[in-house]
Amino acid sequence: MIIKKTLLVSVFVFFGCMFSINKASDDADKGDKELMSKLFTVVFKCFKDADWGTCGEMVTTKYDITQAKYKQCTCHMACAGEELGMINKDGQSEPSKFLEYVNRINNSSIKSQLQHIYDKCQNVKGVEKCDLAEQFAICAFKESPTLKDRVTTLIEMLVKMKPKSK
């Protein structure tokens with residue numbers, strides 16, 4: 001029961017965080033909100049067992065890529081990529097699918113950020129799907145500090161909300 005309540009609170013905080021961080025959210029139309037809802041559903045599905053502290057550390061620090069503890073975070077990212085169709089069944093990227101999502105967004109600020117990420121990161125490669133997801137995230141965060149700030153804020157909030165172990 002406590003897990004369900006924590007998840008429910010997390011969902012509300014996540015939505016609140018995204019809307020408060022995104023100043024242009026007032027201009028978001030129904031289509032943008034539907035895309036965001038789909039993204040949130042996928043993220044919560046793929047990251048349900050994530051160690052948010054470790055994943056947060058990975059995003060907020062210059063981490064040692066050889067440490068095994070970060071692999072689970074990159075594989076959670078790969079899961080989201082697969083669920084959204086941006087990584088195919090062979091573990092290869094599908095840049096056209098990312099661009100399809102970008103083209104469906106109406107909010108000009110978000111669309112501009114994602115278009116820039118697409119332009120700079122569409123040819124990222126990886127040895128396998130988890131590595132591909134990691135390489136794409138590294139590129140996206142480098143190219144869009146705004147995106148990195150939003151993700152960092154979200155992870156920090158989720159880590160604070162995590163129930164304490166007894």
### Accessible surface ranking that places the most exposed of S108, S93, S144 first, with a 1.4 angstrom probe
S108, S93, S144
## Note on the structure
From the cross-link list K30/K125; K33/K69; K45/K148; K69/K97, the entries with a Cα-Cα span beyond 32 Å are K30/K125; K33/K69
### Query
How would K30, K69 line up by accessible area, probe 1.4 Å, largest first?
K30, K69
### Task
Percent of Cα-Cα pairs per 10 Å bin, from 0 to the last occupied bin, for the range 27-67, please list those.
24, 33, 29, 14, 1
### Length-normalised contact order of the range 84-124 in % [C-alpha pairs under 8 Å, at least 6 apart]
31
### Message
Below 8 Å between Cα atoms, with a sequence gap of 6+, how large is the relative contact order for the range 40-166 in percent?
### Response
26
### Summary
Share of accessible surface on carbon and sulfur in the range 79-127, whole %, 1.4 Å probe and ligands ignored, is 47
#### Entry: D64 accessible area, assembled protein chains, probe 1.4 Å, Å²
70
#### Entry: Translational diffusion of the range 51-166, µm² s⁻¹ [Kirkwood Rh, Cα pairs; Stokes-Einstein; 20 °C; 1.002 mPa s]
143
### Task
List the trypsin sites (Lys or Arg not before Pro) within the range 120-161 that fall in a DSSP loop (any state other than H, G, I, E or B) and whose Cβ has at most 13 other Cβ atoms within 10 Å.
K125
### Message
Can you give me the accessible area per residue for the range 19-137, using a 1.4 Å probe, in Å²?
### Response
57
### Task
Rank these residues by their accessible area, most exposed first, probe 1.4 Å: H76, H116.
H116, H76
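The values are calculated or read from the model by the stated rules, or taken from the named source; none is laboratory data. Small disclaimer: the values here were computed from a predicted structure and weren't measured. So basically every Cβ, Gly included, is an ideal-geometry build from the backbone, and we count neighbours across all protein chains shown. Note: accessible area is taken over every heavy atom of the protein model, side chains too, but ligands, DNA and RNA are not part of it. Shrake-Rupley method; radii C 1.70, N 1.55, O 1.52, S 1.80 Å.
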